[in-house]
Amino acid sequence: MATPVLICDDSAFARKQMARAIPDGWDVAISFASNGKEAIGAIRSGKADVIFLDLNMPVMDGYETMQYIRQHDLPCLVIVVSGDVQPSARERMLALGALDFIRKPIDNQKLNALLSQYGIYTGDSSASKREVAVGQQQLSSIHDKIDVYRELVNVAMGRAGESLARLLGEFIDLPVPNVNLIESNELHMAIAEIGRNERVSAVSKGFTSAGIRGEALVIFSDTKVENIIDLLNYGGHADSEQNQLEALIDVSNILTGACLNALSAQLHVAFSHSHPILLGQHNELDELLSGNGMRWGKVMAVEIAYAIKHKDISFDMLLLFPQTAMDKIFSRLIEEECVA
């Protein structure tokens with residue numbers, strides 16, 4: 001009898017990638033859910049003896065879903081599949097009863113080793129027939145493409161969050177990335193998390209490879225910088241200009257470096273990075289963004305709002321890609337899937 005398997009992820013692209021990685025020899029009946037609330041319904045309907053669960057989702061995220069499963073003693077095995085692999089994220093989910101973690105993007109060999117380790121499936125790891133059965137992605141609408149871009153950035157966001165968590169020794173709250181296709185003169189509209197009246201500072205780093213180029217900006221609200229400096233243990237006065245500048249550069253380098261490395265790995269390119277540039281300190285957001293991306297016309301703007309909530313620390317990363325780069329990114333991802 002086929003094992004009921006549920007894949008829960010807010011990205012349709014990620015759900016299909018996960019389904020295509022399941023070994024051919026494992027007799028399964030696959031269902032899908034786009035958030036934890038849908039997953040709970042599937043469990044209660046008998047469609048989820050094994051769940052592959054994402055963490056960062058709207059409506060009901062992976063943590064809330066795992067908490068509910070534990071509180072109500074629902075009969076299922078949960079394997080977390082996430083771009084967020086912070087040690088504390090892993091510890092939290094294992095403590096709630098998750099079986100194990102798999103890092104995105106999914107690796108068929110690692111998946112098979114984990115299934116074998118827990119006695120869930122011990123056969124051959126080949127998934128070539130599963131790939132044919134699940135089929136290639138039919139991605140034509142702008143909504144489909146944005147879903148692909150969001151999943152790409154979701155993995156990169158998780159890598160950056162992991163690097164920062166190890167540096168600071170704190171759990172980093174990660175959001176669902178906010179992806180917008182906008183005119184470059186509307187960049188301020190892409191930042192949802194920063195108040196319109198706040199003064200901000202920002203560091204910019206450009207990157208390019210294989211016809212793909214873009215810009216990464218890390219934006220700090222002035223009201224939060226002192227809290228970041230305290231956590232970094234620089235010594236001296238948290239409100240000194242030198243300490244503030246060092247904090248901006250250090251945190252920006254960690255985030256952009258890890259994020260761009262993860263993008264490079266997924267796209268199979270080696271990005272060249274420019275030196276970080278201080279765009280400005282203590283400016284209004286509109287003023288700070290006024291010169292960025294204007295030369296590109298239409299851009300894809302991805303906002304990632306990182307936070308350490310119990311320390312009242314938050315900052316935003318803004319990834320900007322021109323239209324030509326978006327097309328090349330999409331082509332590379334789909335080509336990679338077709339030969340996977």
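A few remarks follow.
- For the stretch 3-134, dividing the convex hull volume of the Cα atoms by the residue count gives 94 Å³ per residue.
- Angstrom value of the Kirkwood radius, inverse mean 1/r, which spans all Cα pairs in the chain: 21.0
- Top positive-direction residue, dipole computed over the chain with Cβ charges, set LEU288, VAL50, ILE142: VAL50
- Using distinct alpha-carbon pairs, which all enter the 1/r mean, Kirkwood radius of the stretch 145-260 in Å: 15.7
- Tensor-based shape of the stretch 10-79 (alpha-carbon gyration tensor, a/c under 1.5 rounded, otherwise prolate or oblate): oblate
- Nearby lysines by direct alpha-carbon distance to LYS47 (threshold 27 angstrom, same-chain neighbours under 8 apart not counted): LYS16, LYS37, LYS104, LYS110, LYS129
- The alpha-carbon of LYS298 sits under 20 angstrom from the alpha-carbons of these lysines, leaving out residues fewer than 8 places away in its chain: LYS145, LYS205, LYS328.
- Per-pair calculated FRET efficiency, R0 = 25 Å: VAL28 and GLU91 via Cβ, rounded to 0.05: 0.30
- Fully extended contour minus Cα-Cα distance, from ALA113 to THR324, at 0.36 nm per residue: 72.0 nm
- Structural descriptor for the chain: relative contact order 17 percent, calculated from alpha carbon pairs under 8 angstrom and at least 6 residues apart.
- Residues GLU246 and ASP286, FRET efficiency given R0 of 25 Å [Cβ-Cβ distance, rounded to 0.05]: 0.45
- Gyration tensor (alpha-carbon) shape descriptor, the stretch 1-42, a/c threshold 1.5: oblate
- Sorted from greatest to least, the principal axis extents spanned by the alpha carbons of the stretch 142-339 come out as 53, 34, 28 Å.
- The order of the peptides 64-72, 145-153, 1-9 by mean Cβ neighbours within 10 Å, most packed first, is 145-153, 1-9, 64-72.
- Per-pair calculated FRET efficiency, R0 = 45 Å: MET1 and ALA270 via Cβ, rounded to 0.05: 0.40
- Near-label residues of the stretch 245-269 by backbone N, under 17 Å of a point 7 Å along Cα→Cβ of ASP222: 245-248
- Length released on extending from LYS37 to ILE277, taking residue separation times 0.36 nm less the Cα-Cα span: 82.1 nm
Each reported figure results from applying straightforward, stated rules to the coordinates on display, with no laboratory input. What you see is a predicted model; the values in this text were computed from it and never measured. Positions of Cβ are backbone-derived with ideal geometry, glycine not excepted, and every protein chain shown enters the neighbour counts.
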